[in-house]
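Contents: one structure, followed by commentary.
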Amino acid sequence: MAMTGSRIAIGIALVAGLAAAQSLDFQAYRTKVEPIFLKKRTGHARCAVCHSANNSAFRLQPLPHDGGSYTEEQSRRNFDSVKNLVTPGNPDTSKLLIHPLAPDAGGDKFHGGGRQFASKSDPDWQAIADWVRGR
């Protein structure tokens, strides 16, 4: 069976998507991104407070009891949840970055946890975006 142009394009897109998904670095996530979810942001609860107690798509493991960091196993579970909210290579279409971003900066109109990021120039937003870009 001959492949049509649209089938070839779909195949290329699937391969590119798989390669990009594989490029999300767990260690970079654990050291640069995950600590942001535990960080107290002025005027807001930590991301992990709400997202470990709710049933949203962004689901984190319960907060460490000692106030420290997650175990590697917990981090891997968090990574598995978070990677589904990311478009590898494209922070501007990644729900993880757009949902908590202020609407006037390109974010969603509603986020129950408020606007964690007033703009894309926020250092934490940039750290997550760099991870999404594979940097």
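Just so you know, all these numbers are worked out from the coordinates, no wet-lab data involved. Since the structure is predicted, the reported quantities are computational estimates derived from the model, not experimental observations. Here Cβ is always computed from backbone atoms with ideal geometry, including for glycine, and neighbour counts include all displayed protein chains.
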**Prompt:** Which order, highest average first, do 33-45, 93-105 follow once you tally other Cβ atoms within 10 Å for each residue and take the mean per peptide?
**Reply:** 93-105, 33-45
**Item:** Estimated Rh, segment 50-93: Kirkwood, alpha-carbon pairs, angstrom
**Value:** 11.5
**Message:** Over 5 Å intervals from 0, what percent of Cα-Cα pairs in segment 20-135 sits in each interval?
**Reply:** 2, 12, 23, 27, 22, 11, 3, 0
**Fill in**
So the compactness index of segment 87-135, its C-alpha Rg divided by 2.2 N^0.38 Å, takes the value 1.03
**Message:** Which aspartates and glutamates, if any, have their Cα less than 16 Å from the Cα of Lys120, not counting same-chain residues under 8 positions apart?
**Reply:** Asp92, Asp104, Asp108, Asp130
